[in-house]
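Notes to accompany the following structure.
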Amino acid sequence: MHSFITPQHIYHGEHSIQQLHTIIADLNVANVFVLTDPVLKELEVINPVLDILKANDVAYHISTNVVPEPSVLTGEEVVEEMRDIRPDLVVAVGGGSAMDLAKASAVLTEHDGTVKNYLNLSGTKQLQASGIPTVLIPSTAGTGAEITDIAVFSLEDTKDVITHKYLLANYAIVDPVLTYTLPPKVTAASGIDALTHAIEAYTSVKATPLTDALALDAMKRIVGNVRTAVWNKHATEARKEMSLGSLIAGMSFYNAGVAGVHALAYPLGGLFKIPHGESNAVLLPYVYHYIWPSCLDKMVNLADVFSISTEGKDKRQIALEVVQALFDLVQDVGLPTSISVYNITQSDIETLTANGLKQTRLLARSPMPFDEDAIRSVYQHAWEGWEKEES
Ligand SMILES: [Fe+2]
């Protein structure tokens, strides 16, 4: 028996943002809390949202208290701001940080206590009810945060999450038009994050026939379009495919889970402030170089996604070519392929290993067990860099 969960409504496609008119009317909204990061406000990316709010005579408050990899403190500030405003709808426009902050604060505004009290690893309180209705509008493709019930927060040396079905969005609006002006580096990092969601969901021990179908579809769209989307700013068709691929990957990984790549990426974000997408990208080939024997048949199935010929090759050879293709893709989109690029020294590997080991929720979904030695060897390999002839 399997279950499958998604947000109540998902609108997607060019100009789907216009559905906000319908949402406002359906919920009889009078007072909106708009959460976005300062750059998106400055670049007027949120203007289509504000135009819709104005056209409907709705009062609104804009908060730009959004930072990359938000800390618990930032989360608590947003909750306080929302408690003061008491909105009847929360609209988040942005990347994973804006959407995560919106999900957590819309629920915590209706609860006692702070973000810290509800964290997965160290919190002591349980959420009791859903919160203020939310509309999540991603500006990248993508974190998949519009689909999940997870809000990630940075702590001193790692990350922790609030995760509960009450954090699920009431509405997700995935409009590719918002991604058309993203710079190459953001397109690359968020695109490889989306690919990581799909492949980790596909090889997760919690994968189901539904999540597999979605993950394969997402990977085909992402792998087939990410290079073009990164390097050709006029390629709107590739952007549309990335937007849809990211959404589908989100639906898959929310139900099957992500695993080793995300687990080992969290300490890179926590300790070295490496953005989420980049920290996944830099580890992606190294984690699969370690785990491929545990998911051999699924790796072989990915040959088609990466246009790898299987003729006359045994499963081992095909799987290793898929691992190489992951490395090539990260390199082709211009992202770092070794953690040494981020001023990480060999002496940092012990701290990274100790922190990675704490991510038990994620590591438990890996088909290959991760003990301390395995985590250390993956970080060591990612620090030394890739040798093309190794496969
Ligand atoms: Fe991710």
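Which order do M368, M251, M1 fall in if you start with the one that has the fewest other Cβ atoms within 10 Å?
Working: M368 18, M251 27, M1 3.
Starting with the residue having the fewest Cβ neighbours, the order is M1, M368, M251.
Partner lysines whose Cα lies under 28 Å from the Cα of K315, excluding those fewer than 8 positions away in the same chain, are identified as K206, K220, K298, K388. By the rule of a C-alpha distance below 19 Å, with chain neighbours fewer than 8 residues away ignored, the lysines paired with K116 are K103, K125, K159, K165, K358. Dimensions of the stretch 9-179 based on its C-alpha atoms, expressed as ranges along the principal axes with the largest first, amount to 43, 29, 27 Å. How much of the calculated P(r) for the stretch 184-390 lies past 29 Å, in percent of all Cα pairs? Within the stretch 184-390, distances greater than 29 Å cover 17 percent of Cα pairs. Projected label points at K313 and I5, each 7 Å from Cα along the beta carbon direction, are separated by 3.8 nanometres. Does the chain come out rounded, prolate or oblate, given a ≥ b ≥ c as the square roots of the eigenvalues of its C-alpha gyration tensor, rounded meaning a/c under 1.5 and, failing that, prolate meaning a/b above b/c? Here the chain falls in the prolate category.
In debye, nearest 20, what is the charge dipole magnitude of the chain about its Cα centre with +1 on Lys and Arg Cβ and -1 on Asp and Glu Cβ, if you could check?
On the way: 27 positive and 46 negative charges, 95 e Å.
Its charge dipole is roughly 460 debye.
Here the extension length gained between D157 and T124 equals 9.9 nm, from 0.36 nm per residue of separation less the Cα-Cα distance.
Legend: ranking of residues M99, M219 from fewest to most surrounding C-beta atoms inside 10 Å; resulting order M219, M99.
Counting only DSSP H runs of at least 4 residues, each contributing -39500 (n - 2.57), and dividing by the residue count of the chain, the helix-based mean residue ellipticity at 222 nm comes to -15500 deg cm²/dmol.
Just grab the label-to-label distance for D328 and L296, each label 7 Å out from Cα along the Cβ direction, in nm (one decimal). Placing both labels 7 Å along Cα→Cβ, they lie 2.3 nm apart. Listed from fewest to most Cβ neighbours within 10 Å, the set T158, T203 follows the order T158, T203. Taking amide H as placed 1.01 Å from N in the peptide plane, the amide H of V174 sits under 5 Å from that of Y11, H12, G13, each at least 5 places away or on another chain.
Values quoted throughout were computed directly from the atomic coordinates according to the rules given, and no laboratory measurement underlies them. Small disclaimer: the values here were computed from a predicted structure and weren't measured. Heads up, the Cβs are rebuilt from the backbone with ideal geometry, glycines too, and the neighbour counts pull from every protein chain shown.
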